[in-house]
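Here is the structure we will look at, set down as structure tokens.
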Amino acid sequence: MSAITADTVGALSPKTRLIVAAERTRLPRRVWVGISIVAAYVLTAVFAPLIAPYDPLAQDVVNSLAAPSAAHWLGTDELGRDVLSRLIYASRIDLLVGFLGAALPAVLGTFLGAVGGFRGGWLDGVIMRVSDVVQAFPTYILIIALVFALGPGVTSILVAFTLIAWVSYARLIRTEVLRERGLDYVSAARASGLSGRRTLWRHVFPNSVGQTLVYLPSDIVGATLGLAALSFLGLGIQAPTPEWGAMIAAGQPYIREQWWLSTVPGLVVVGFGLGLSLVGEGIEEWTRK
């Protein structure tokens, strides 16, 4: 099929041009599938008190390690707590850390990368040298070290994610800003009397942030998996608060007989990651149209 060029579009009738424009702006189907999956997780987290059949912290030791049944759809754990209820409530903390763990470094890195790339000079040099130092070490090793030093907890985890993950966003948007900075419209904006700050945030930044939005869903997955890994190692969310990674770790000693204790939380994590991956891949495909 031949590509539709700008000249071809100009020669089309108004109705046909609208159809072509709609086709170009329409999001791929995989994006909507991914959004539906993520929305289901978000709604589950928001309405957890209404959905969960039991108190996630309520213990019934007599009924511990019970198999899935009509009373407990996903069975109970070693303390007799309902696994389904704990999974539902765990979505609250996991989604909170996942979204904030990606959003905070995205904001910080995007700001530093945009300012450094547009202004250049010593400021850009300092930002890039700091990012070089951070990238010289394995990401998860640094995060584990920071959380270990700061102590377990949501705040410590978010601080660690922000201080480490901003580098990727800074480098990503810096590359785009450097490319945009050399274009004619930037020179025209400066010649018209716009200050450098207004030129950056009004013109250059909106044209440079697209790749950051494409990268964001995958970083949410990374933050969620990072929290699960930290909790698995005992550095994440502490008991008795339900969390997917901690539930996977707690079920490991019983994996042969009570396989659902670890398997089901693992599948829940995979499902959330799949939804976000579909969104990210779909947005990337859409931006290439």
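Might you let me know whether the stretch 155-167 holds any residue that is closer than 14 Å to G116 by Cα and either surrounded by 20 or more Cβ atoms within 10 Å (Cβ to Cβ) or within 18 Å of the chain's Cα centre (by Cα) (or both)? Yes. When I237, I248 are checked against the criterion of being touching a Ser or Thr at 6+ places or on another chain (Cβ under 7 Å) and not in a helix (DSSP H, G or I), a single residue qualifies: I237. Can you say whether L158 is at pLDDT below 90, within 28 Å of G98 (Cα to Cα) and out of contact with any strand residue (DSSP E or B) (no Cβ under 8 Å at 6 or more places or on another chain), as far as the supplied structure shows? Considered against the rule, which asks whether it is at pLDDT below 90, within 28 Å of G98 (Cα to Cα) and out of contact with any strand residue (DSSP E or B) (no Cβ under 8 Å at 6 or more places or on another chain), L158 comes out as no.
For the stretch 85-101, the count of residues that are free of Cβ contacts under 8 Å to residues at least 12 places away in the same chain and either loosely packed, with under 14 Cβ neighbours inside 10 Å or not charged (D, E, K, R) (or both) is zero.
Before we move on, is V20 modelled with pLDDT of 50 or more and assigned to a helix (DSSP H, G or I)? No, not satisfied. Entry remark, the stretch 128-171: residues being within 21 Å of G236 (Cα to Cα) and in a helix (DSSP H, G or I) number 25 in total. Cβ-Cβ distances below 6 Å connect no pair with a first residue in the stretch 108-136 that is without any contact (Cβ under 8 Å) to a residue 12 or more places away in the chain, a second residue that is surrounded by fewer than 21 Cβ atoms within 10 Å (Cβ to Cβ), and a separation of six or more residues or different chains.
Each residue in the stretch 62-84 was checked for being in a helix (DSSP H, G or I), without any contact (Cβ under 8 Å) to a residue 40 or more places away in the chain and either touching an Asp or Glu at 6+ places or on another chain (Cβ under 9 Å) or buried (at least 17 other Cβ atoms within 10 Å of the Cβ) (or both), and 1 of them qualify.
Table: residues versus (1) surrounded by 22 or more Cβ atoms within 10 Å (Cβ to Cβ); (2) within 26 Å of I157 (Cβ to Cβ); (3) more than 25 Å from the chain's Cα centre (by Cα); (4) modelled with pLDDT of 95 or more.
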| residue | (1), (2), (3), (4) |
| --- | --- |
| E243 | yes, yes, no, no |
| A246 | yes, yes, no, no |
| A249 | no, yes, no, no |
| Y254 | no, no, yes, no |
| Q258 | no, no, yes, no |
| T263 | no, yes, no, no |
| G273 | no, yes, no, no |
| V279 | yes, yes, no, no |
| E284 | no, no, no, no |
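Pairs linking a residue in the stretch 218-234 that is among the polar types (S, T, N, Q) to a residue that is outside any helix (DSSP H, G or I), with Cβ atoms under 6 Å and 6 or more positions apart or on different chains, are S231/I237; S231/E243. Within the stretch 174-188, is there a residue that is at pLDDT 85 or above, closer than 30 Å to R81 by Cβ and in contact with a helix residue (DSSP H, G or I) (Cβ under 6 Å, 6 or more places away or on another chain)? No. Of all the numbered requirements in (1) out of contact with any helix residue (DSSP H, G or I) (no Cβ under 8 Å at 6 or more places or on another chain); (2) under 18 Å from A165 (Cα atoms), V214 misses one, and that requirement is (1). The selection criterion, being at pLDDT 90 or above and closer than 26 Å to G34 by Cα, does not hold for L150. Per the listing R190, R174, R198, the residue uniquely in a helix (DSSP H, G or I), out of contact with any strand residue (DSSP E or B) (no Cβ under 9 Å at 6 or more places or on another chain), of a type in the set (K, R) and surrounded by 19 or more Cβ atoms within 10 Å (Cβ to Cβ) is R174.
Taken over the stretch 239-289, residues that are touching a residue at least 24 places away in the same chain (Cβ under 8 Å) and of a type in the set (V, I, T) amount to 7.
The values are calculated or read from the model by the stated rules, or taken from the named source; none is laboratory data. These numbers were taken from a predicted model, which means no experiment stands behind them. Reconstructed Cβ throughout: ideal geometry from the backbone, glycine too, with neighbour counts over all protein chains shown.
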